[in-house]
Amino acid sequence: MLLRLLAVLVFVNTFSFLPSHAIARPPDITAPSGILIDAATGDVLYEKNAHEKMYPASTTKIMTAILVLENTNLQDTVIIDKDTPFTDGSRIYALEDEIFTVEQLLYALLVQSANDAAVALAKHVSGSVEAFAALMNQRARELGAKNTNFVNPNGLPNEAHISSAYDLAMIAKHGMTIPAFREIVGTVRYEIPPTNKQEETRYLRSSNRFLWGTGGRNQINYRGKWTNIKYDIVDGIKTGYTIQAQQCLVASAVQGEHRLISVILKAQSTNVYLDSRTLIDYGFENFQFKKIIGSHEPIEAVSIKGGIEKKVNLVTADAFYKAIPKGDSIEDLTKDIVLREDLSAPIEKGEILGRMIYKSGDLVLGEVDLIAEETVAKKEGIYAAFPSAQTSRRPIAYIIALPLLLFLLWRSFVTFRRSRRRKNRLLYSKKNHRKSRGNDLTDVNLYYHDKKH
């Protein structure tokens, strides 16, 4: 009863900027820990012991897959070493010296939940499991995790290997922004063809029954009615199970253009699906997702030091939504723009130059990054020599070509005048030569005339 009261108080505090009549009663779940978030904003719509340290089991592989996708190419080849085949638990029974692509091992990791694939990928990225675990923890903190410590890439039992519902939700939120990740976690079946060491095809099937579970033992009693576990609006993500962790599930569901992510930890049997659907339906039935501002919308122009342009236009990096109870609205919305301290060239297109913080009263609703709409080069070379070029709307080629054209015209004029002068001198010289020659002939004629007479 106390836990339920605390959950209500947390929920009320989260949406304290809204009228109290709009707040829906939080649902009951059987698991000791769970959370529901809006994938677009990270808003927490429900939580129960969301920050308590728990064993994540194979939901760990979400973090493993993210790092692999961020640090490798899908068609890279991986050669299995002599130790990886002896990994415990679920596996694809990889053989020493067997060759796979990164893509094949990622499907094995997230569809079949193969522990040997996780180890092979970890070694491919970092050289060792220990080095990869350090990378996992660093990236988890960057994604917002607060109570996570990974010691292996697959979630096999270890007292020091812990996470929380909140942390896993933040990690999954990022994972679902990666197209290849979304594709893989939503795959029901996958085949790995024969390899250099295995003559038979490996057939993989997802452990997430939300994607395929119908009939027989794949049903849950939901809202007083037996229904299939398969739920069409669910498009991934990852299950997990060990004796210590019990049933764990991170699930993603989409309605329209909006996505919710739920995390259930330490549930019993199929209650993991019952609890997950309870949270997902609660989110879509009781919340609306208000678009505050769209992606790449213009905000303002800001001054840039040392650039060929004095200013650069700021636009929003992404759209910004806010989850609010249905039938309600956000009142007294304000926004503050916080710019980077030193805005100086060069500036690359898409570079983050600041952020816009949205508030309702004193409550911070969230923020969106502000990026440069265009590239601004540093003022140097011709621009440094001619400061007026900085404010000119004409291209630099025009600024260079104009004086060059004037110089060429001047040179042409000078050359023309010199040519005329040279021509005139030649004409004058020829004329004088003819005149001189005529005088010589006259003198000769006179000489012969005198001599004759």
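The values are calculated or read from the model by the stated rules, or taken from the named source; none is laboratory data. Please read all numbers here as calculations on a predicted model, not as lab measurements. Here the Cβ is made from the backbone with ideal geometry for all residues, glycine too, and neighbour counts use every protein chain on show. What goes into the accessible areas is simple: the full protein's heavy atoms, side chains included, and nothing from ligands, DNA or RNA. Shrake-Rupley method; radii C 1.70, N 1.55, O 1.52, S 1.80 Å.
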- Query: Which aspartates and glutamates, on any chain, are close to Lys326 with Cα under 14 Å apart, when same-chain ones fewer than 8 places away are left out?
  - Reply: Asp281, Glu285
- May I ask for the net charge around Glu52, where only other residues with Cβ less than 15 Å from the Cβ of Glu52 are counted and Lys, Arg are +1 while Asp, Glu are -1? +2
- Projected area, mean over directions - region 132-255, Cα convex hull, nm²: 10.5 nm²
- Task: Using packing as a proxy for protection, rank 57-65, 410-418, 79-87 so that the peptide with the highest average count of other Cβ atoms within 10 Å comes first.
- Result: 57-65, 79-87, 410-418
- Query: Could you give the distance between the Cα centres of region 102-149 and region 33-90, to the whole Å?
  - Reply: 7 Å
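Given charges of +1 on the Cβ of Lys and Arg and -1 on the Cβ of Asp and Glu, with all other atoms neutral, how large is the dipole of region 85-184 about its Cα centre, in debye to the nearest 20? List each step's numbers first, then the result.
Working: 7 positive and 11 negative charges, 102 e Å.
Computed about the Cα centre, the dipole is about 480 debye.
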- Query: Applying the Karplus parametrisation 6.51 cos²θ - 1.76 cosθ + 1.60 with θ = phi - 60° to the phi angles of region 306-312, what ³J(HN,Hα) value in whole Hz is obtained for each residue in order, glycine and proline being reported as x?
  - Reply: x, x, 5, 10, 6, 9, 9
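Per residue, how many Å² of accessible area does region 264-334 show with a 1.4 Å probe?
45 Å²
First compute the accessible area of region 154-282 with a 1.4 Å probe, then give the percent of it belonging to carbon and sulfur atoms.
Working: 2550 of 5710 Å².
Answer for region 154-282: carbon and sulfur cover 45 percent of the accessible area.
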- Message: Probe radius 1.4 Å, ligands and nucleic acids ignored: give me the carbon and sulfur share of the accessible area of region 289-333 as a rounded percent.
- Response: 43 percent
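Over every pair of different alpha-carbon atoms in region 66-215, take the mean of 1/r and invert it; report that Kirkwood radius in Å. Show your work: numbers first, answer last.
Numbers: mean 1/r = 0.0627 Å⁻¹.
One decimal place: 15.9 Å for the Kirkwood radius.
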- Using the heavy atoms of the protein chains alone and a 1.4 angstrom probe, what is the accessible area of region 85-230 per residue in square angstrom? 46 Å²
- Query: Listed highest first by mean packing, meaning other Cβ atoms within 10 Å per residue, what order do 328-341, 97-110, 356-369 come in?
  - Reply: 97-110, 356-369, 328-341
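Taking all protein chains in place and a 1.4 Å probe, what share, in percent, of the accessible surface of region 75-147 do carbon and sulfur account for? Write out the running numbers ahead of the final one.
Details: 1520 of 3140 Å².
Ligands and nucleic acids excluded, carbon and sulfur reach 48 percent.
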- So which lysines pass the test for Lys310, namely a Cα distance under 27 Å, with those fewer than 8 places away in the same chain ruled out? Lys335, Lys349, Lys378, Lys379
- Note on the structure: Heads up, region 213-259 by the C-alpha gyration tensor (a ≥ b ≥ c square roots of eigenvalues; a/c under 1.5 rounded, else a/b over b/c prolate, else oblate) looks oblate
